[in-house]
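The structure appears right after this line, and notes come after that.
Please treat every number below as a calculation from the coordinates, not as lab data. Note that this is a predicted model, so its numbers are computed, not measured. Positions of Cβ are generated from backbone atoms using ideal geometry, with glycine treated the same way; all protein chains shown enter the neighbour counts.
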Amino acid sequence: RPFGSLCLCLSLGALVTQWPGTVTAREGETVSLNCYQNDTDYQVMLWYFQPHHGGLTLIAYAVVTTPTYEKGFESGYNMTKTTDDKESSLKISNLNPTQEGVYYCAAREGHSVR
């Protein structure tokens with residue numbers, strides 16, 4: 001059955017642009033979400049997920065280019081980040097209805113998120 005995901009932006013100071021705005025996909029398909037931020041002082045990029053009836057959950061973050069995945073998101077998710085700290089993408093493979101919701105990209109200063 002088809003299901004959709006609405007993608008919005010979350011900014012902690014930088015201008016964050018995220019695309020596509022809306023994704024409609026079928027179960028089992030792969031989708032890619034993209035993000036650009038304009039602040040050269042923001043080295044950390046993060047991806048969050050919020051199901052339609054739940055709270056915000058961190059999926060992954062990258063300080064340099066290597067992402068760190070949160071528990072429960074180690075499989076089926078592939079985050080990339082450019083070395084200039086400006087762009088990131090999140091590929092979600094083998095979609096299932098539990099992944100339907102809102103995905104947020106964020107950027108922040110610092111060298112860690114903990």
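Can you give the FRET efficiency to the nearest 0.05 for T98 and L15, using r as the Cβ-Cβ distance and R₀ = 22 Å? Intermediate results must be reported in sequence, preceding the final value.
Details: r = 31 Å, r/R0 = 1.42.
Working from the Cβ atoms, E equals 0.10.
Which FRET efficiency value, to the nearest 0.05, is calculated for K91 and D41 with the Förster distance at 35 angstrom and r the Cβ-Cβ distance? Walk me through the numbers before you get to the answer.
Numbers: r = 27 Å, r/R0 = 0.77.
After rounding, the FRET efficiency stands at 0.85.
Relative contact order for region 9-103: what percent, with Cα pairs under 8 Å and sequence separation of 6 or more?
Numbers: 178 pairs, mean separation 30.1, N = 95.
Answer for region 9-103 is 32 percent.
Need one number: nm distance between label points at T24 and N78, each 7 Å from Cα along Cα→Cβ, rounded to one decimal.
2.6 nm
If you bin the C-alpha pair distances of region 2-108 every 5 Å from 0, what whole percents do you get?
Calculated P(r), rounded to whole percents: 2, 13, 25, 26, 19, 9, 4, 0.
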